[in-house]
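First up is the structure itself, then whatever we jot down about it.
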Amino acid sequence: MTREEAGRVALDALAKIQWNVSMILEAKAVESEKVRNWLINHLTHHTFTSHQDQMTASLQFGNLNVQVIDGLAKVLGGLTRNFKAALQTGGDGADLYYASDEPNADGDGL
């Protein structure tokens, strides 16, 4: 497998990972909407003895969702940073080369 083919395979893998993360985020959004609807219908002022208890319970549900989404966003950000380090574009953005292909200080590419 040539370096170019390996790069294509790696980029394809990254695209698949990003697609899977987007599917997870979409499912999490649907789940969050369901939780929101359940909270609106079931956690009323009659359920709790004080407003503080009601707010605490509601915020616990929201906090869990935010932590999951934040974790997924960090994973995706890390993948993106790693690929930016591996792949570099030229000054005009037209030519793509691997960071390991950059010429050394002598300019001989070795």
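The values are calculated or read from the model by the stated rules, or taken from the named source; none is laboratory data. Remember, predicted model here, so these are calculated numbers, not experimental data. Cβ atoms come from the backbone with ideal geometry, glycine included; neighbour counts cover every protein chain shown.
Based on what the data block shows, is residue 62 modelled with pLDDT under 50, among the small types (Gly, Ala, Ser) and over 26 Å from residue 14 (Cα atoms)?
No; evaluated as a whole, the condition is false for this residue.
Can you tell me which condition residue 1 does not meet? The list is (1) more than 23 Å from residue 77 (Cβ to Cβ); (2) surrounded by 10 or more Cβ atoms within 10 Å (Cβ to Cβ); (3) of a type in the set (A, V, I, L, M), and all the others hold.
Single failed check for residue 1: (2).
Conditions (1) surrounded by 11 or more Cβ atoms within 10 Å (Cβ to Cβ); (2) within 19 Å of the chain's Cα centre (by Cα); (3) among the basic types (Lys, Arg), marked per residue:
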| residue | (1), (2), (3) |
| --- | --- |
| 5 | no, no, no |
| 16 | no, yes, yes |
| 26 | no, yes, no |
| 35 | yes, no, no |
| 45 | no, no, no |
| 74 | no, yes, yes |
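If we scan the range 10-27, do we find a residue that is among the β-branched types (Val, Ile, Thr) and assigned to a loop (DSSP other than H, G, I, E, B)?
no
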